[in-house]
Ligand SMILES: [Zn+2]
């Protein structure tokens, strides 16, 4: 995922920047909130200075008395956004990675404050009028697109409404933000416990059982946090235990979040109708690639048609296998689905995920991914051993262009890759500094929680961890390469929200290539390269169940759309949840499943959960253009860099897609991707060397 961006979504989208290599280190250093010491007071001082600069830039553009021009108006506007991005990005960074609670708390409070400044700016009529008065430069399409998009975002925020209406919009925005935080907190804090007997733990890994100590009566207490709950759903042999965990997990924020979600929907609906849209779904898609809820319905129908047959086939095989083990079984219960999928995967593919871990010790994987990215994108990474960062464990690299004759510096990346006390527990890519050509180099970070980083621990990763690493690195490269333009808010992270996950999902596909894997996946003890047969099995097991995965994405996309495409009074959370489940999922619905109450994407993505599905379609379509026998060496990677990554947000994303594919995206590659599990010879590592 891409961090932080969602905080700003639905008002103005803020981001990215760059500097010439000749600009002094001091100048770039002053853009680091942590440069003066990572403590709450220094952070506040630094953010306050940024916000003062925002005000100065805005005052400057609105004070123009003569003709408004790109130079005297758009430049000041973008300078203001740059300062706001710096403040928001780095306050968020300190909130996520700060080494002590007071710093993280300060970061959180400042993020809220910056958000509020952001909302004020999005409703500032003087700024809107000044921007609207600038004649659009016909000879500079990037600037023209930049201003047009800014004006659209202003109109979507309601800037052209009267004072009373704008006050009401502001109130509604605040209410949505506040209730979304409550929704998220209820999920995060909503830990439920269940009790299990010793024999019910059969099938769970030994280290799992060892982590749990029995109570005096011999029973064990398990909770709904994922380290406890996920293994139960995949490995526990006892169906009743799985069902109890399933219900607990899917009710951990129920009933608390029902009223919260209702109030969010009401505020969103009022916001949308005030702004002239029939439903919130239409409003939320107006500035996206998708364009409208009606386009989305068409898209979902097409993906459903393309995936249903494959999903049915996959499910029939799974059910057949489960029935061979349990002859009286009529259908698989939803709470047993994970368990049977795991059993089936083991039986059919003879693949144990544990068997590849010795080939993925953290440090060589990091080096392998950097080397892969360097070759693919024609860049160089140079370690900066003495860079000042927020924690001693963070490694820093400067990124140089390997194509330009002077090996121009493009930016800097920070890798904060292992868990620390109090650090954010998720995996994300976060912009730090936006790029502005000739002035400011982009910087970004990965904030992850991979194994390793501890003396004497090789940090053996799961293969899914390595895929996540590729994914997040895709975001980072998009940010660095895409943030070399003249506008700070025109970089990789500033593209339409429903395109953001395409470059990251595209890079995930590279993971399956033996040619790439074999350069770094070596046994941490013997140095032996990962065997091709093992990668074949890993890829075959990984390709299993894609049709059902797509149907699952359709379930969530449809639900997220449906609760936002009608009056909130017409939304029955439970009825829709069951209806969508029964439509897209073959296993039997478990009564009492209230999973919507802990579906946190409903706050961040609102009606736009489809983003993942749309971007998967685009990502595999992009990947289809690469020569599988020569992923890294062929010319396609450079063409991809030039047409998709480097333009950042300087063009509409639909144009980026067309520029690279030579046409609009189609579902053909997705169909091939879903079918790989049924086609002998494809999806195999050895076929793609
Ligand atoms: Zn992502």
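Results, tabulated for the structure shown:
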{"quantity": "Region 343-481 - Rg (one decimal) and Dmax (whole number), Cα, Å", "calculated": "16.7, 58"}
{"quantity": "Highest average packing first - 402-410, 614-622, 656-664, Cβ atoms within 10 Å", "calculated": "614-622, 656-664, 402-410"}
{"quantity": "Angle in degrees between helix 239-250 and the longest Cα principal axis of the chain, rounded to the nearest 10", "calculated": "10"}
{"quantity": "Packing rank of 647-654, 667-674, where each peptide gets the mean count of other beta carbons within 10 Å, highest leading", "calculated": "647-654, 667-674"}
{"quantity": "Column: log10 I(q)/I(0), Debye, Cα scatterers of region 487-573, q = 0.13, 0.25 Å⁻¹", "calculated": "-0.75, -1.19"}
{"quantity": "Gyration tensor verdict on region 16-173 (Cα atoms; rounded if a/c is under 1.5, prolate if a/b is larger than b/c, oblate otherwise)", "calculated": "oblate"}
{"quantity": "Prolate/oblate/rounded label for region 576-689 (Cα gyration tensor, a/c 1.5)", "calculated": "oblate"}
{"quantity": "Average projection area in nm² (convex hull over Cα atoms of region 36-80, one quarter of hull surface)", "calculated": "3.3"}
{"quantity": "Ordering of 195-203, 546-554, 126-134 by packing [mean C-beta count within 10 Å, highest first]", "calculated": "546-554, 126-134, 195-203"}
{"quantity": "Helix 40-62 axis, angle to the chain major axis (alpha carbon atoms, nearest 10°)", "calculated": "50"}
{"quantity": "Cα centroid separation - region 564-594 against region 62-76, whole Å", "calculated": "52"}
{"quantity": "Taking region 221-370 and dividing mean pair separation by its residue count, relative contact order in percent (alpha carbons under 8 Å, at least six apart)", "calculated": "24"}
{"quantity": "Principal-axis tilt of helix 362-377 within the chain, Cα atoms, nearest 10 degrees", "calculated": "50"}
{"quantity": "Projected label distance in nm at residue 569 and residue 258, using a 7 Å step from Cα toward the beta-carbon", "calculated": "1.9"}
{"quantity": "Alpha carbon Rg of region 246-402, scaled by the compact-globule rule 2.2 N^0.38 Å", "calculated": "1.66"}
{"quantity": "Rounded if a/c under 1.5, otherwise prolate or oblate - region 436-556, Cα gyration tensor axes", "calculated": "oblate"}
{"quantity": "Kirkwood-type radius of the chain, with distances r between different C-alpha atoms, in Å", "calculated": "26.5"}
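Coordinate-derived values only; no laboratory data. Note that the structure is a prediction, hence the values are computed from the model and not measured. In this analysis, Cβ positions are derived from the backbone assuming ideal geometry, glycine residues included, and neighbour counts consider all displayed protein chains.
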